[in-house]
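Here the structure comes first, spelled out in structure tokens, and everything after it is commentary.
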Amino acid sequence: METNSVAPPYSAARSWLSVAVITASLFVFVTTELMPVGLLTPVSASLSISVGVAGLMVTLYGLSAGLGVPFIVAWTRRVDRRMLLSALLAILALGNLVTALSPSYPLVLAVRLIMGFANGVFWAIGVSMAMRVVPERHSSRAAAVALSGISIATVVGIPLGTFLESVSSWRTTFLIWSALSAVVFVAVTVIVPALPSANAIPVREVFQLPLRNRQLRLVLVAVVLYVFGHFGAYTFVRPFLEQNAAVTPAFITVLLIIYGVGGAAGNFLAGYTVTKNLRASFVVACTGLVAALLLLLAIGDSKVGATLALALWGVSFGAANLCQINLLLEAAPDKFEAAMSINTMGYNTAIALGALFGGLFADHVGVTGAVWFGVALMAASLLVTLFARRRATEPAPAEVVATGS
């Protein structure tokens, strides 16, 4: 990993304050990426487009975040990481401002495409930055703190954005997030110390890593499948609930908060289980994802049923995210930035394709079809994980054992 071998030359207070600022950066990036999930209905009505077409706000953002990251990270490998993060946050603040003021949907999509590139680069460098600003013995704790920004975004950020839309408009929501991004930009510039790039990796090496590393390859396939399925369904959870459970925007906000709290709980629980049995933890998380969507289809037409399904969904997704990061690091411990680049590419491309295919199902089959699509992909991820686990426990071939003895 890109970590320090000695304590950084600045105070402990500044080190952990820097970690907090990087966590805040993750918060604004995650909320900006997923905010449209809670705003699809009002955005589609305001801009006179279908719900499925509105889902392209997630699709294009994810595509650029995923496909561009290995190249951009490699091309900027000699750029100071604080300077790079500041530039990414400036793009985010300006992009949210333009989105809030945009008179047309094509402009919204163009801006989301540009912001997606910034998002992908942040995911590739953000966690390693948090690990570098503290002494090496605290690097794992710093990474965990930084990743808590995901839970904060799902518990507070996205539901807050949905609530702000319900009392004002979706444009006001993006305007406020533009201001938040600008505040975090200033904090990074002032607080985070200079971090010269410590790991120069050419593009070719990044792309060769999964080809040479079978364990990493299987992890990436499993991750892409469950993320693909998750966002195929989750992107359209608001219209699904509106059509099947006749819930109000206020109750949807409550459900998104419950989902976010579940995600935080899943992260917390998995933090204990991954140290005991990492792969079993991931299997349980993937099983929970499948069960949550089946529960939503079976009893999601009632408020109680929808609440139970969203709670289980949040717990399972939070646990799965923590597990997949640990599986990634286990598979490629000595090439962290390269592995993170590939993981970011796969993860965000899966978000984009999930929203795209989910939108196709939503427009042509109905939003229930998007949920069934999610079930199929998550079940496929579970099967890949079980297969990889079985292969890992198989005894080595006789000739290999003989050679090693």
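Across the range 87-100, not a single residue is classified as out of contact with any Cys (no Cβ under 6 Å at 6 or more places or on another chain), within 17 Å of Met340 (Cα to Cα) and part of a helix (DSSP H, G or I).
Does Trp372 qualify as being in a helix (DSSP H, G or I), open to solvent by less than 10 Å² (accessible area, probe 1.4 Å) and within 23 Å of Gln243 (Cα to Cα)? Spelling it out, it is not the case that Trp372 is in a helix (DSSP H, G or I), open to solvent by less than 10 Å² (accessible area, probe 1.4 Å) and within 23 Å of Gln243 (Cα to Cα). Filtered by the rule that a residue be among the polar types (S, T, N, Q) and open to solvent by 50 Å² or more (accessible area, probe 1.4 Å), the range 323-368 gives Asn326, Thr368. Taken residue by residue, the range 301-321 has at least one member that is crowded, with 24+ Cβ neighbours inside 10 Å and more than 19 Å from the chain's Cα centre (by Cα). Candidates Phe174, Phe163: the one that is open to solvent by 20 Å² or more (accessible area, probe 1.4 Å), among the aromatic types (Phe, Trp, Tyr) and either in contact with a strand residue (DSSP E or B) (Cβ under 7 Å, 6 or more places away or on another chain) or part of a helix (DSSP H, G or I) (or both) is Phe163. Taken over the range 190-233, the criterion of being touching a residue at least 12 places away in the same chain (Cβ under 8 Å) and among the β-branched types (Val, Ile, Thr) is satisfied by Ile191, Val192, Ile201, Val203, Val206, Val219, Val221, Val223, Val224, Val227.
Could you tell me whether any residue of the range 275-294 is open to solvent by 10 Å² or more (accessible area, probe 1.4 Å), among the β-branched types (Val, Ile, Thr) and without any contact (Cβ under 8 Å) to a residue 40 or more places away in the chain? Looking through the range 275-294, at least one residue is open to solvent by 10 Å² or more (accessible area, probe 1.4 Å), among the β-branched types (Val, Ile, Thr) and without any contact (Cβ under 8 Å) to a residue 40 or more places away in the chain.
Conditions (1) buried (at least 20 other Cβ atoms within 10 Å of the Cβ); (2) at pLDDT 95 or above; (3) farther than 30 Å from Val365 by Cβ, marked per residue:
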site	(1), (2), (3)
Ser181	yes, yes, yes
Pro193	no, no, yes
Val203	no, no, yes
Pro210	yes, no, yes
Leu218	yes, no, yes
Phe251	no, no, no
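With respect to the conditions (1) under 19 Å from Glu330 (Cα atoms); (2) touching a Phe, Trp or Tyr at 6+ places or on another chain (Cβ under 8 Å); (3) open to solvent by 10 Å² or more (accessible area, probe 1.4 Å), Gly271 falls short on a single one, namely (2).
None of Ala130, Ala144 is at pLDDT 80 or above, assigned to a helix (DSSP H, G or I) and of a type in the set (A, V, I, L, M) except Ala130. When the range 105-120 is limited to residues that are free of Cβ contacts under 8 Å to residues at least 24 places away in the same chain and farther than 18 Å from Thr172 by Cα, the one that is most open to solvent (accessible area, probe 1.4 Å) turns out to be Pro106. Against the definition (in a helix (DSSP H, G or I) and not β-branched (Val, Ile, Thr)), how does Ala246 come out, yes or no? No: the conditions fail for Ala246.
Annotation note: of Ser168, Ser151, Ser102, Ser86, the sole residue that is open to solvent by less than 20 Å² (accessible area, probe 1.4 Å) and free of Cβ contacts under 8 Å to residues at least 12 places away in the same chain is Ser102. Might you check whether a residue that is closer than 16 Å to Thr154 by Cβ, modelled with pLDDT of 95 or more and not basic (Lys, Arg) occurs anywhere in the range 290-302? Yes - at least one qualifying residue is present in the range 290-302. From the set of residues in the range 69-83 that are part of a loop (DSSP other than H, G, I, E, B) and among the β-branched types (Val, Ile, Thr), which is surrounded by the fewest Cβ atoms within 10 Å (Cβ to Cβ)? Looking at the filtered set, the residue picked out is Val79. The residues of the range 35-52 that are in contact with a Gly (Cβ under 8 Å, 6 or more places away or on another chain) and within 23 Å of Gly120 (Cα to Cα), listed by number, are Met35, Pro36, Gly38, Leu39, Leu40.
One residue is enough: does the range 28-51 have a residue meeting the conditions open to solvent by 20 Å² or more (accessible area, probe 1.4 Å) and at pLDDT 90 or above? Within the range 28-51, not a single residue is open to solvent by 20 Å² or more (accessible area, probe 1.4 Å) and at pLDDT 90 or above.
The values are calculated or read from the model by the stated rules, or taken from the named source; none is laboratory data. Owing to the predicted nature of the structure, the values given are computational and were not obtained by experimental measurement. Here the Cβ is made from the backbone with ideal geometry for all residues, glycine too, and neighbour counts use every protein chain on show. Side chains are part of the model used for accessible areas, which takes the heavy atoms of the whole protein and leaves out ligands, DNA and RNA. Shrake-Rupley method; radii C 1.70, N 1.55, O 1.52, S 1.80 Å.
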